[in-house]
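This is the structure I have questions about; it appears just below.
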Amino acid sequence: NAGVTQTPKFRILKIGQSMTLQCTQDMNHNYMYWYRQDPGMGLKLIYYSVGAGITDKGEVPNGYNVSRSTTEDFPLRLELAAPSQTSVYFCASSYSGDWNEQFFGPGTRLTVL
Amino acid sequence: DQQVKQNSPSLSVQEGRISILNCDYTNSMFDYFLWYKKYPAEGPTFLISISSIKDKNEDGRFTVFLNKSAKHLSLHIVPSQPGDSAVYFCAASYIAGGTSYGKLTFGQGTILTVHP
């Protein structure tokens, strides 16, 4: 089991560019999440999905979009990158939403200049 | 409005002694609490959890205590080891309308350093 994998590990974007952060899990988990972590801060939820075709906003969704066409994949799309989106992005998955721990990927460090 | 707070940015302890990490929350609806450990350049890894029907949960060297009336939880590591040096995050969730969807609210983290 690879668990949760994320690509790329690092990326530098220019203001206004777009990109997609990839996330894949091989644990057959229904629930998947995207978080961002700013320096010295905790993780904040961007979007989540409770199954293929179902997504919803978290605490900080502005500037991002997601899709969930398969159980395994949950890509995060950044449109018109801004310096405020400089952060470390973590994808996570869990078997169910109730009283289950989430398994995290290694993160993508994104810098927008 | 920060609903989960870890007021100590850092903690330094000697190997073999107890480490106590603290976390406070403001939302009384939270009913499930977790601790995650994070090494640099890695994702958080789950450590231990507790539901609001309990006041203590133990797993080896790690014990989590929950005081619902004070809206406070703590993580005890005994004995502390140098390999425990990492950032520790507490997180909370609650069931709303039948399911929480697992959405977690995280504290800011506490950097634990265990000296040999």
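The values are calculated or read from the model by the stated rules, or taken from the named source; none is laboratory data. Just so we're clear, the structure is a prediction, and the values are computed from it rather than from any experiment. Please note: Cβ atoms are built from the backbone with ideal geometry, for glycine as well, and neighbour counts cover all protein chains shown. With ligands, DNA and RNA removed, areas are computed over all heavy atoms of the protein, side chains included. Shrake-Rupley method; radii C 1.70, N 1.55, O 1.52, S 1.80 Å.
Can you find even one residue in the stretch B:69-80 that is under 20 Å from A:PHE103 (Cα atoms), touching a Gly at 6+ places or on another chain (Cβ under 7 Å), open to solvent by 40 Å² or more (accessible area, probe 1.4 Å) and not in a strand (DSSP E or B)?
no
Does B:GLY60 satisfy being away from every other protein chain (no Cβ under 13 Å), open to solvent by 30 Å² or more (accessible area, probe 1.4 Å) and under 23 Å from A:GLY3 (Cβ atoms)? Explain how you work it out, then say what you get.
On the way: away from every other protein chain (no Cβ under 13 Å): yes; open to solvent by 30 Å² or more (accessible area, probe 1.4 Å): yes; under 23 Å from A:GLY3 (Cβ atoms): yes.
So B:GLY60 passes the test.
Still on this structure, I have one more. For the stretch A:87-99, what are the residues that are free of Cβ contacts under 8 Å to residues at least 40 places away in the same chain and not acidic (Asp, Glu)? Please lay out each step first, then the result.
At the first step, the residues of the stretch A:87-99 found to be free of Cβ contacts under 8 Å to residues at least 40 places away in the same chain are A:98-99.
Correct list: A:TRP99 only.
Anything in the stretch B:87-102 that is modelled with pLDDT of 95 or more and open to solvent by 10 Å² or more (accessible area, probe 1.4 Å)? List them, or say none.
B:VAL87, the sole residue that qualifies.
So which residues in the stretch B:21-34 are hydrophobic (A, V, I, L, M, F, W, C) and buried (at least 18 other Cβ atoms within 10 Å of the Cβ)? Don't jump to the end; show me each part of the working.
Applying the first criterion (hydrophobic (A, V, I, L, M, F, W, C)) to the stretch B:21-34 yields B:21, B:23, B:29-30, B:33-34.
Answer for the stretch B:21-34, where residues must be hydrophobic (A, V, I, L, M, F, W, C) and buried (at least 18 other Cβ atoms within 10 Å of the Cβ): B:LEU21, B:CYS23, B:PHE30, B:PHE33, B:LEU34.
State whether the residues of the stretch A:47-65 include one that is of a type in the set (Ser, Thr, Tyr), buried (at least 16 other Cβ atoms within 10 Å of the Cβ) and part of a loop (DSSP other than H, G, I, E, B). Break it down stepwise before answering.
Initial filter on the stretch A:47-65 (of a type in the set (Ser, Thr, Tyr)): A:47-49, A:55, A:64.
Those left that are additionally buried (at least 16 other Cβ atoms within 10 Å of the Cβ): A:47-49, A:55, A:64.
If we keep only those that are part of a loop (DSSP other than H, G, I, E, B) too, we end up with none.
No, every residue in the stretch A:47-65 fails to be of a type in the set (Ser, Thr, Tyr), buried (at least 16 other Cβ atoms within 10 Å of the Cβ) and part of a loop (DSSP other than H, G, I, E, B).
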